[in-house]
1. Report Met102's accessible area, 1.4 Å probe, all protein chains in place, as a number in Å² to the nearest 10.
2. Would you rank Lys85, Lys255 by solvent-accessible area, highest first, keeping every protein chain in place and using a 1.4 Å probe?
3. Taking a probe of 1.4 Å, how large is the accessible area per residue of the chain, in Å²?
4. How large is the dipole of the chain about the Cα centre if only Lys and Arg carry +1 and Asp and Glu carry -1, each at its Cβ, rounded to the nearest 20 debye?
5. Give a residue-ordered list of calculated ³J(HN,Hα) values for the stretch 205-220 (Karplus: 6.51 cos²θ - 1.76 cosθ + 1.60, θ = phi - 60°; whole Hz; x for Gly, Pro).
6. Compute the length gained on full extension between Phe214 and Leu149: take 0.36 nm times their separation in residues and subtract their Cα-Cα distance, giving the result in nm to one decimal.
7. Hey, any idea what % of the chain's accessible area is carbon plus sulfur with a 1.4 Å probe?
8. Tell me which label goes with the value of semi-axes √(5λ) of the Cα gyration tensor in Å computed from the coordinates here: (1) 32, 24, 15; (2) 50, 18, 18; (3) 38, 18, 16.
Amino acid sequence: MRQARSRGERGISPVFLGIAAVMAASGWAVWSGFASDPGFAVFLFVVSGWIVSLCLHEYAHARTALHSGDITIGGKGYLSLNPLKYANAALSIALPVIFVIMGGIGLPGGAVFIERHRIRGRWRHSLISAADPLMNVVFAALLMLPFMLGAVGKWPMVFLAGLAFLAFLEVSAALLNLLPIPGLDGYGILEPWLPYSLRRQVEPFAPFGLIATFGVLYIPAVNDKFFDGVFRILSWFDVPVEITGYGDWLFRFWKH
């Protein structure tokens, strides 16, 4: 019974497979022009793709923690890619999706409970925190690869717009998550190397780090600099700003 339960907890969840199927089906509808409303199809493609990436982010955290010494990860169901198994599904999935719909910005999720006392070595703690933004980087690179290979003018423009906007979300999430602010993975990478007294002083502020970050982003000068950085990175991979903007416009189908 225990062995069967362990295999089930580590197998791919039907919930995740269902979300991935929505991404594939909506992506096909966008590519083929089958959808009567391309904006709604792009919306489904981007949201489902974003949820898939969030699941992969949390899986990266969990898998790295497992190999670093936290043997309780499998029993918690984190390796099944099921978003409902996370310690806080609202923080990991619902809130990032709401931010995408409302503000068009990639909010880093993060609700995998890791028993840090089981892990030895500062490098391992840093690697666990780095796994999430690294997954953002990998996912974004895959989305931008068609642009580097000259897909513009050859692939359907609406599909490329969806890819570009999803890549935009991944890049923005990676940049945000790498900031050395308590509560974000950027700080988690540095934390094991900081003096214990400093970590104790900073610890109470960790739950508010993400909120404070978004508060600062509402400052126009900071907002402009941040998104300039996002678009600069996209340009390195030959993703046109115009196509990204078109994807954003299609995504907000309810406004037009």
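1. Its accessible surface works out to 150 Å², give or take rounding.
2. From most accessible down to least: Lys255, Lys85.
3. So the chain comes to 51 Å² accessible per residue, rounded to a whole number.
4. 960 debye
5. Rounded to whole hertz, the list is 8, 4, x, 9, x, 5, 5, 5, 4, 5, x, 5, 5, 6, 6, x.
6. Values: separation 65, 0.36 × 65 = 23.40 nm, distance 3.44 nm.
Stretched out fully, the Phe214 to Leu149 stretch lengthens by 20.0 nm.
7. Summing carbon and sulfur atoms, their accessible area is 69 percent of the total for the chain.
8. Here the calculated entry is (1).
The values are calculated or read from the model by the stated rules, or taken from the named source; none is laboratory data. Note that the structure is a prediction, hence the values are computed from the model and not measured. As a convention, Cβ positions derive from the backbone with ideal geometry for all residues, glycine included, and neighbour counts pool all protein chains shown. Surface accessibility is based on the protein's heavy atoms, side chains included, excluding ligands, DNA and RNA. Shrake-Rupley method; radii C 1.70, N 1.55, O 1.52, S 1.80 Å.
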